[in-house]
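The values are calculated or read from the model by the stated rules, or taken from the named source; none is laboratory data. Everything quoted here is computed from the prediction, not taken from an experiment. Glycine also receives a Cβ, built like all others from the backbone with ideal geometry; neighbour counts cover every protein chain displayed. Note: areas computed on protein heavy atoms with side chains; ligands, DNA, RNA excluded. Shrake-Rupley method; radii C 1.70, N 1.55, O 1.52, S 1.80 Å.
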Amino acid sequence: MSITILGIESSCDDTSAAVIRDGVLLSNVIASQSVHEEYGGVVPELASRAHQQNIVPVVAAALNRAGLDKKELSAIAFTRGPGLLGSLLVGTSFAKGMSLGLRCPIVDVNHLHGHVLSHFIRRTPDDTMPEYPFLTLLISGGNSQLILVRNYNDMEILGATIDDAAGEAFDKCAKVMGLPYPGGPHIDRLAQEGDASKFHFARPRIPGLDYSFSGLKTSFLYTLRDALKSDAGFVEKNRKDLAASLQRTIIEILVDKLDKAVKQTGVKTVAIGGGVSANSGVRQAIADYCGARGLKAFIPERAFTTDNAAMVAIAGYFKYLDKDFCGYDEVPYARVTV
């Protein structure tokens with residue numbers, strides 16, 4: 001008998017629903033919120049209100065595109081955390097209510113697990129998936145982690161940021177340059193036309209496999225501050241080169257620790273995930289790194305890099321196979337590690 005999972009994602013400012021049947025994706029619908037752009041970042045209260053408006057039509061659209069009736073669902077998977085509590089409450093409450101109405105179980109999903117397991121989302125039954133164990137570089141606005149994945153429910157964090165994440169470094173440096181929110185995609189676009197060797201910024205010296213990006217942000221800020229004293233048009237004249245140099249530095253920091261983790265674990269497969277894995281420079285750097293060392297590289301579709309319900313559904317599918325269901329008394333959580 002087929003196993004059909006509805007996934008619901010509402011951890012931040014994207015409302016998403018997806019349907020997976022026997023591990024194969026049938027639909028993935030995302031409603032984004034543009035209201036936050038004028039504030040330069042996500043406003044939690046506005047995000048939760050938008051989720052309330054979006055969740056019913058998004059779920060309906062996901063079921064419709066999958067060609068399914070809601071009564072065909074085996075279970076409902078939802079993001080329980082980490083994320084914005086107000087946003088998570090909307091998705092959690094909706095999943096519980098729908099579950100009670102349909103008399104089908106619910107499965108809670110760790111948002112970070114979803115990013116790691118996004119490589120198991122299949123468009124067709126024949127799609128290739130990673131073999132365990134593999135190493136995942138999880139990079140987003142809130143997380144920069146190196147994770148050894150032994151199984152879908154057996155993950156070990158080998159290293160993590162001790163302060164800021166890579167995505168935060170992209171966005172905040174972009175903001176200093178006067179670029180719109182979110183700044184990461186704008187940096188990526190500009191970097192493709194810039195000279196990556198034009199500027200040099202401080203690189204952290206953190207022992208082990210942990211990351212740090214706060215010093216890089218400070219170095220970038222001071223570079224602009226000092227240059228603007230003598231040339232008010234410095235940023236405008238050098239925007240592409242600044243973006244390219246910043247992106248190069250962040251990639252070098254990421255790949256340096258990744259290389260150490262590969263040597264430490266001896267893995268033959270490397271995967272990336274999270275919002276920053278959509279960056280073209282990061283994607284190319286990982287592909288080049290793995291290609292030069294004979295490693296298998298798994299780079300997600302861009303549709304699966306940002307917050308999406310397909311990754312929630314596939315994580316829920318694996319938990320369903322183990323009958324690892326969630327009680328109705330469970331509540332969302334804002335912070336957690338893998």
Legend entry - Mean separation of Cα contacts under 8 Å (6+ apart) over length of the stretch 196-338, as relative contact order %: 20 percent
Legend entry - 16 Å Cα-Cα reach of residue 175 towards lysines, excluding residues that sit fewer than 8 places from it in its own chain: 217, 240
Inset, instruction - Can you tell me the 0 to 90 degree angle between the C-alpha axis of helix 234-265 and the longest principal axis of the chain, rounded to 10? - result: 60 degrees
Inset, instruction - For the chain, set up a Gaussian network in which alpha carbons nearer than 10 Å are linked by springs, and say which option among 300, 57, 105 fluctuates the most. - result: 57
Inset, instruction - Please list, or write none, the aspartates and glutamates whose alpha carbon is within less than 19 Å of the alpha carbon of residue 263, excluding same-chain residues fewer than 8 places away. - result: 131, 156, 210, 252, 288
Inset, instruction - Let me have the 222 nm mean residue ellipticity of the chain computed from DSSP H runs of 4+ only, each contributing -39500 (n - 2.57), with the sum over all residues rounded to the nearest 500. - result: -14000 deg cm²/dmol
Legend entry - Proximal lysines relative to residue 70, as straight alpha-carbon distance under 24 Å, when same-chain residues fewer than 8 apart are discounted: 96, 319, 323
Inset, instruction - Pick out, from 321, 285, 272, the residue whose Cα sits farthest towards the positive end of the charge dipole of the stretch 213-329, with +1 on the Cβ of Lys and Arg and -1 on the Cβ of Asp and Glu. - result: 285
Legend entry - In Å, descending, principal axis extents of the Cα set of the stretch 1-150: 44, 40, 22
Inset, instruction - Over 32 Å, how big is the tail of the calculated P(r) for the chain, in percent of all Cα pairs? - result: 31 percent
Inset, instruction - Write down the accessible area per residue of the stretch 91-158 in Å², having rolled a 1.4 Å probe over the full set of protein chains. - result: 38 Å²
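Can you tell me what share of the DSSP beta bridges in the chain is antiparallel? A percent to the nearest 5 is fine.
Working: 25 of 43 bridges.
Bridges in the chain are about 60 percent antiparallel.
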Legend entry - Check: the chain dipole with +1 on Lys, Arg Cβ and -1 on Asp, Glu Cβ, in debye: 320 debye
Legend entry - Solvent-accessible surface (1.4 angstrom probe) belonging to residue 213, in square angstrom, nearest 10: 0 Å²
Legend entry - Acute angle (nearest 10 degrees) that the helix 214-230 long axis makes with the longest principal axis of the chain, alpha-carbon atoms: 40 degrees
Legend entry - Rounded to 10°, Cα long-axis angle of helix 280-293 versus longest principal axis of the chain: 90 degrees
Legend entry - Max mean-square fluctuation residue, GNM over the chain, Cα-Cα springs under 10 Å, options 158, 100, 137: 100
Inset, instruction - With springs only between Cα atoms under 10 Å apart, run a GNM on the chain and tell me which of 315, 196, 169 wobbles the most. - result: 196
